[in-house]
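To start, the structure itself, in structure tokens.
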Amino acid sequence: MRMIRVASGQGFWGDDLEAPVRQVEGGPIDYLMLDYLAEVTMSILQKQRARDPGAGYARDFVPLMERIFPACIERGIRVVTNAGGVHPVGCAEALVRVGREAGVGGRARVGLVRGDDLMDRLDHLLDEGHSLSNMETGAPLSEVRERVQSANAYIGAVPIVEALRRGADVVVTGRSTDTALTYAPLLHELGWGPDDFDRIAAGVVAGHINECGAQCTGGNCMIDWWTIPDLATVGFPIVEMFEDGSFVVTKHPGSGGRVTRASVTEQIVYEMGDPRAYITPDVVADFTTIHLEDLGDDRVRVHGVKGARPTPFLKVSIAYAAGWKAVGTLTYTWPDAAAKARAGARILRQRLDRLDLRYGELRTELVGWDSTHGPLVGEPPADLPEVELRIGVRSDDRGSVERFTREIAPLVLTGPPSVTGFAGGRPRVQEIMAYWPALIERKAVEPHLTVEVLEV
Amino acid sequence: MTRIQLVHLAHARSGDKGDTANVGVIAYDAAHYELLREQLTPARVAEHFGPMLQGGVERFELPNLGALNFLLHGALDGGGTMSLMNDAQGKVFSTAMLRMELDVSEEVAELVRGRGRVPEGWAPEADQAP
């Protein structure tokens, strides 16, 4: 039975830079998928592009390709990535340039998928009656229209398959779903049709396991974590997909980490909603139908996955400016560290109150005591050796947040004793880009998707 | 009967979707899945987290994987970039969940004693130490 290997090289923008190189060099693979986008990444990229029209894509991707482009072309490894972000054209053009510098000129093609970006058409879409209401609150987008920074439809496998069919060695997209980067090559290679819902759903499960990199091969894995070998050179996942929709999750021999039923299960439940309906542009996958079989030697077999016809909608990721925030920290020490930290926070609040500033929220946490488990941990002991006071504010008034950042340092000399840890300077004011998830009818997006193939 | 912490019976992973944290709880031993299903009801999980949640708790069952998936709504102070929380993306709600206490037989308690925790006296090997 025909089998295709899709390797995962990046699980997010900021992941291990050496991992894709290890995937290319460490053993046989057919495809390398690189996922750079998370919910908040598109808005960060949009902000970068607003400052610099040439920016707006995952910049790590270009120097990475400079390193691995020749090896990929020589070994026939094709790359699929959503590194294009909000500027896939700029990304593809930069890729063509480094391809020539790396010596693959005349031997490589770059596929460019466009049309997920709805920003230029947003008012037209609203006028046509697409409300783009918030999926969580039901509020219409018109409430925040003036503050919208980016709007992208999550797109599926179809344009990626088209680019591969036309001979692209590297496919660059904008907001493709994370999972499509893995299952589009499978559709292309294994002859699955658009109605092969069970097999496409298996591809989605494979994509979900692949999309967070080493999180399924021993990274961030709770089970017996102290026994997991050599995470310094952790092997990223490789999916070996068979024609019938069964697959094996594994990693290169000799790499670090561990692939077991437990490590794969942890990744399957990561960021999961209703497991019976994992909705993608190409299929609705039922994660309750997954069967796992631990084959040993870092191999886990996945089979039995069922899927159903996709919905008439695509999800849209919208980012809008929602005010400002800043977070400051100070370290208080024994004796009575927590009592000192809390007293410091109270003094800061009193000062801010007198200055008549405006905050939507002021939040105090004690790092080292309750910042992650909250009231579940009860009252701190008086002998706690040290604690970090972490205070954050949020406001729609930038000035109020600016002033807050100037009120942390004075606490060192004007507040409770035995305080340190203020070497980093004033906290940074950050603009908040809030996430607005919405749905849109497919017919408003799909006719606008385009595929171009550029010669390197 | 006796009470033990969930950390000895299950491992877990959590993440975010907007202002909702999800926690997947996975039985170490498939034989204990039913015990988890009976005791980790949405009502008990909501009671455990108390004021940490502004919204309700939903639960989904994945018997094939020996796992339960919980959605904790309103857990992340607005979520994403809005949140002022240290754990703004709900990455360690998993471990907060594992603090829950369950009623089990003495036999089960004995069987899982120490499970899920670093063995006593364990330290990184010399070549792993920082």
What residues of segment A:385-412 lie in the reach of a label at A:Phe422, counting those whose backbone N is under 12 Å from a point 7 Å from the Cα along Cα→Cβ? A:405-412
Accessible surface of segment B:2-111, 1.4 Å probe, proportion on carbon and sulfur as whole %: 49 percent
For segment B:88-103, list whatever residues lose no less than 40 Å² of accessible surface once every protein chain is in place, relative to that chain by itself, with the probe at 1.4 Å. B:Arg99
Could you work out what % of the accessible surface of chain A is carbon and sulfur, using a 1.4 angstrom probe and leaving DNA, RNA and ligands out of the count? 49 percent
Going by a 1.4 Å probe on protein heavy atoms, which residues of segment A:351-385 end up with at least 50 Å² less accessible surface in the whole assembly than in their chain alone? A:Arg363, A:Thr372, A:His373, A:Leu376
Find the Rg to Rh ratio for segment A:1-71, where Rh is the Kirkwood radius over alpha-carbon pairs and Rg uses the same atoms. 1.06
For A:Thr233 paired with A:Ser131, estimate the spin-label separation in nm (one decimal), with each label point 7 Å from Cα along the Cα-to-Cβ line. 5.7 nm
Estimated FRET transfer efficiency when R0 is 56 angstrom, pair A:Arg100-B:Asn64 (beta carbons, to 0.05): 0.65
Keeping every protein chain present and rolling a 1.4 Å probe, give me the accessible area per residue for the protein assembly as shown in Å². 41 Å²
Using just the helices of chain A, give the 222 nm mean residue ellipticity in deg cm²/dmol: DSSP H runs with n ≥ 4 each add -39,500 (n - 2.57), and the total is spread over all residues, rounded to 500. -8000 deg cm²/dmol
For segment A:321-435, the Cα convex hull volume per residue in Å³ comes to 103 Å³
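If you take the accessible area of B alone plus A alone and subtract the pair, what total do you get in square angstrom, rounded to 100, with a 1.4 Å probe?
Using a 1.4 Å probe, the pair buries roughly 4200 Å².
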Not counting the cut sites, what is the longest span of chain B without GluC sites (Glu not before Pro) that DSSP labels loop and that have at most 14 other Cβ atoms within 10 Å? B:1-119
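Calculate the mean, over all residues of peptide A:259-267, of how many other protein chain Cβ atoms lie within 10 angstrom of the residue's Cβ. Intermediate results must be reported in sequence, preceding the final value.
Working: counts 0, 0, 3, 5, 1, 1, 10, 7, 2.
For peptide A:259-267, the averaged partner shielding equals 3.
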Once the Cβ-Cβ distance between A:Val429 and A:Glu146 is put in as r, and R0 is 25 Å, what FRET efficiency do you end up with, to the nearest 0.05? 0.75
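Count charges around A:Arg403 for me, please; just the other residues with Cβ under 13 Å from its Cβ, Lys/Arg as +1, Asp/Glu as -1. Before the final figure, lay out each step's value.
Details: positive: A:Arg351, A:Arg354, A:Arg358, A:Arg398, A:Arg406, A:Arg426; negative: A:Asp353, A:Asp356, A:Asp397, A:Glu402, A:Glu407.
The answer is +1.
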Degrees, to the nearest 10: A:180-190 long Cα axis against longest axis of chain A: 10 degrees
Count the lysine pairs in the protein assembly as shown whose Cα atoms sit under 24 Å apart, keeping only pairs 8 or more residues apart in sequence or on different chains. 11
Return the tail of the calculated pair distribution for chain B, meaning the percent of Cα-Cα pairs more than 22 Å apart. 41 percent
Partner chain Cβ atoms within 10 Å, averaged over the residues of B:58-69 - can you pull that number for me? 6
If you average 1/r across every pair of different Cα atoms in the protein assembly as shown and take the reciprocal, what Kirkwood value do you get, in Å? 25.4 Å
Peptide A:36-42 - average C-beta neighbours from other chains (10 Å radius): 2
Grab the beta carbon distance between A:Asp52 and A:Asp120, set R0 = 22 Å, and tell me the FRET efficiency rounded to 0.05. 0.70
Which length gain, in nm to one decimal place, applies between A:Met1 and A:Ala139 when the Cα-Cα distance is subtracted from 0.36 nm times their residue separation? 44.7 nm
Are there any residues in segment B:14-38 with a reduction of at least 20 Å² in accessible surface when going from the isolated chain to the assembly of protein chains? Probe 1.4 Å, please list them by number. B:Asp16, B:Lys17, B:Gly18, B:Asn22, B:Ile26, B:Tyr28
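The values are calculated or read from the model by the stated rules, or taken from the named source; none is laboratory data. This one's a predicted model, so the numbers in the text were calculated from it and none came from an experiment. Cβ: placed from backbone, ideal geometry, glycine included. Neighbour counts: every protein chain shown. Side chains are part of the model used for accessible areas, which takes the heavy atoms of the whole protein and leaves out ligands, DNA and RNA. Shrake-Rupley method; radii C 1.70, N 1.55, O 1.52, S 1.80 Å.
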